[in-house]
1. Taking the 0 to 90 degree range and rounding to the nearest ten, how far is the long axis of helix 37-51 tilted relative to the main principal axis of the chain, both from C-alpha atoms?
2. Would you look at the GNM of the chain, springs on alpha carbons closer than 10 Å, and say which of Glu41, Glu18, Glu87 moves the most?
3. Mind checking the angle between helix 19-28 and the chain's longest principal axis? C-alpha axes, 0 to 90 degrees, to the nearest 10.
4. Tell me, Thr8, Thr129 in order of fewest to most beta-carbon neighbours within 10 Å?
5. Show me, bin by bin at 5 Å from 0, the whole-percent P(r) of the chain based on Cα pairs.
6. Taking H as built 1.01 Å from N, whose amide H comes closer than 5 Å to the amide H of Thr77, not counting residues under 5 places away?
7. I want to verify a result. In a Gaussian network model of the chain, Cα cutoff 10 Å, which of these has the top mean-square fluctuation: Phe93, Phe28, Phe67?
8. Indicate the gyration tensor shape class of region 70-144 (rounded, prolate or oblate), computed on the Cα atoms with a ≥ b ≥ c the square roots of the eigenvalues: a/c under 1.5 is rounded; otherwise a/b larger than b/c is prolate and the rest oblate.
Amino acid sequence: MIFCDTSTAAKLYVLEPESAAVRPLLEFEDQVCLSDLARTEMLAVFHRRLSEGTWQREEFQTAMRQFATDDMHGFWTWLPLDRSITEDAARVFTVLLETMFLRPGDCLHLVTAIRHDFVEVHTHDRHQTMGARTLGLRPISVGP
């Protein structure tokens with residue numbers, strides 16, 4: 001069982017340099033856990049590729065269908081983004097060093113992982129990586 005953020009999960013659908021290494025990791029893991037936040041972020045990743053012209057409408061729809069199919073078949077284990085997690089994430093910002101930059105979404109992912117007793121988070125995002133270390137999680141990034 002692993003926890004990953006959107007930057008890692010998206011590599012199952014979006015061809016990026018790390019995709020070849022991430023795909024087997026995700027496909028052969030018995031349980032891949034994500035924050036509920038990742039559902040919206042994943043669709044935003046797909047839409048961004050469409051709006052920037054990286055993808056045509058057909059590629060966008062193919063990714064959307066595959067993601068929906070994977071979700072329907074239970075490929076992803078969704079961890080709820082409840083009030084206690086949002087409150088804990090808000091508290092993080094009250095004690096965070098002024099030199100540390102942490103985006104709200106990254107904080108929500110990390111607090112979700114902590115709340116569900118994960119000690120590692122699979123991420124390919126540099127801000128998330130720094131935030132994970134700051135909150136006592138071990139960031140893991142596979143690929144080149």
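Any read-out appearing in this document is the output of simple, stated calculations on the displayed coordinates, not a laboratory observation. Owing to the predicted nature of the structure, the values given are computational and were not obtained by experimental measurement. So basically every Cβ, Gly included, is an ideal-geometry build from the backbone, and we count neighbours across all protein chains shown.
1. 50
2. Looking only at Glu41, Glu18, Glu87, the largest GNM fluctuation is found for Glu87.
3. 80
4. Thr129, Thr8
5. Going out from 0 Å in 5 Å bins, the chain shows 2, 10, 20, 22, 21, 14, 8, 4, 1, 0 percent.
6. Placed amide hydrogens put Val32, Cys33, Leu34 under 5 Å from Thr77.
7. Phe28
8. Oblate shape, in that a/c is at least 1.5 and b/c is the bigger or equal ratio.
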